[in-house]
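**Q** After the C-alpha cells below, expect a handful of questions from me.
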Amino acid sequence: MDILAIPYAKTTGIARDAAGNLFLSPAQGVSNHLGTVHAGAQYTLAESASADCLLSTFPELAAQVVPVLRSSEVRFRHPASTAVYASPAIETESREKFSRQFERKGRGAISVDVLLQDADGKITLQGRFEWYVVVADGAI
C-alpha cells in the first residue's frame, strides 16, 4: 500500500523526500487562521507517517493485512511555519510483542511514535498512534 495514494493524504500535499521520509510543505491549503500549518494537516502527516512506518517495518505483511487506527494521542508543541518532517519509530519491545501476537492469532496491536519537526528542528507535534492489524480476510 502506498500511503501517498490514499485520497485524503493527497489533499494535504504530503510528499516523500529523497531519503523516503514523509513531509508537508506549508501552503495556503494547509494553513490556519494564524498563518501556520493547520493542526489537522500536521495530524494527517503524523498518522500517515505512522502507517508508513508500520508497513515498512513489516513489509512481509503489507499485502495481506488491514491496519486500522484504534487511537492516538498527540501534543502540539510549537507552531509550524516552515516545512514539517515526520520521524516515526516503533520501540523494539512493541515490535516483538506485535510479531508474537500476529504469529499466534493473525492479528495484533502495535504503537508507533511520531515526531514532527520543522525546518529549524523544532518539534511541532509529538504523538503515539495505536494500530490494530488483522489479516485482510479476517473480521475487524
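**Q** Suppose all protein chains stay in the model; what accessible area per residue would a 1.4 Å probe give for the chain, in Å²? If you can, show how the numbers build up before the last one.
**A** Details: 7820 Å² over 140 residues.
Computed with neighbouring chains in place, this is 56 Å² per residue.
**Q** Express the relative contact order of the stretch 84-140 as a whole percentage, based on alpha carbon pairs under 8 Å and six or more residues apart in sequence.
**A** Numbers: 87 pairs, mean separation 19.7, N = 57.
In percent, rounded to a whole number, it is 35.
**Q** A further question on this structure: Students often get this wrong, so try it: which of (1) -0.70, -1.13, -1.19; (2) -0.55, -1.15, -1.24; (3) -0.64, -1.17, -1.24 is log10 I(q)/I(0) by the Debye sum over Cα atoms at q = 0.13, 0.20, 0.21 Å⁻¹ as calculated from the structure shown?
**A** Correct label, based on the coordinates given: (2).
**Q** Kindly express, to the nearest 10 degrees and within the range 0 to 90, the angle between helix 92-105's C-alpha long axis and the longest C-alpha principal axis of the chain.
**A** 40
**Q** Rounded to the nearest percent, how much of the accessible area of the chain (1.4 Å probe, protein heavy atoms only) is carbon and sulfur?
**A** Values: 3960 of 7820 Å².
Carbon plus sulfur share of accessible area: 51 percent.
**Q** Of the candidates F23, F129, F58, which one comes out as most mobile in a Gaussian network treatment of the chain with C-alpha springs shorter than 10 Å?
**A** Fluctuation is largest for F58.
**Q** For the stretch 51-111, calculate the relative contact order in percent as a whole number, restricting contacts to Cα pairs under 8 Å that are 6 or more residues apart.
**A** The normalised contact order for the stretch 51-111 reaches 26 percent.
**Q** Return the lysines within reach of K122: Cα separation strictly under 27 angstrom, same-chain partners fewer than 8 residues apart disregarded; answer none if there are no such residues.
**A** Answer for K122, where 27 Å is the Cα cut-off: K10, listed by chain and number.
**Q** Among the aspartates and glutamates, which fall within straight-line cross-link reach of K105, defined as a Cα-Cα distance under 15 Å, with same-chain neighbours fewer than 8 residues apart omitted?
**A** E96, D137
**Q** To the nearest 10 degrees, how steep is helix 39-57 against the longest Cα principal axis of the chain, on a 0 to 90 scale?
**A** In the chain, helix 39-57 runs at an angle near 40 degrees to the longest axis.
**Q** Can you tell me, using C-alpha contacts under 8 Å and at least 6 residues apart, the relative contact order of the chain as a whole percent? Spell out each step's value before the answer.
**A** Values: 254 pairs, mean separation 35.8, N = 140.
Value for the chain: 26 percent.
**Q** Over the residues of the stretch 60-109, compute the C-alpha Rg and express it relative to 2.2 N^0.38 Å. Intermediate results must be reported in sequence, preceding the final value.
**A** Details: Rg = 15.2 Å, N = 50, 2.2 N^0.38 = 9.7 Å.
That works out to 1.56 for the stretch 60-109.
**Q** On to the next question. Can you find, among H38, A83, S48, the residue farthest towards the positive end of the dipole of the stretch 28-91? Put +1 on the C-beta of Lys and Arg, -1 on that of Asp and Glu.
**A** Result: H38.
**Q** Below 18 Å, Cα to Cα, which aspartates and glutamates can K97 reach? Residues fewer than 8 away in the same chain don't count.
**A** E60, D113, E130
**Q** Something else now. For the chain, what does -39500 (n - 2.57) per DSSP helix run (n ≥ 4), summed and divided by total residues, give at 222 nm, in deg cm²/dmol to the nearest 500?
**A** Values: 3 runs with 39 residues, N = 140.
Mean residue ellipticity at 222 nm (helix-derived): -9000 deg cm²/dmol.
**Q** Would you give the gap between the C-alpha center of the stretch 1-21 and the C-alpha center of the stretch 72-86, rounded to a whole Å?
**A** Spelled out, the Cα-based centre of one part sits 17 Å from the other.
The values are calculated or read from the model by the stated rules, or taken from the named source; none is laboratory data. Owing to the predicted nature of the structure, the values given are computational and were not obtained by experimental measurement. Because the Cβ atoms are built from the backbone with ideal geometry, glycine has one as well, and the counts that use them run over all protein chains shown. Surface accessibility is based on the protein's heavy atoms, side chains included, excluding ligands, DNA and RNA. Shrake-Rupley method; radii C 1.70, N 1.55, O 1.52, S 1.80 Å.
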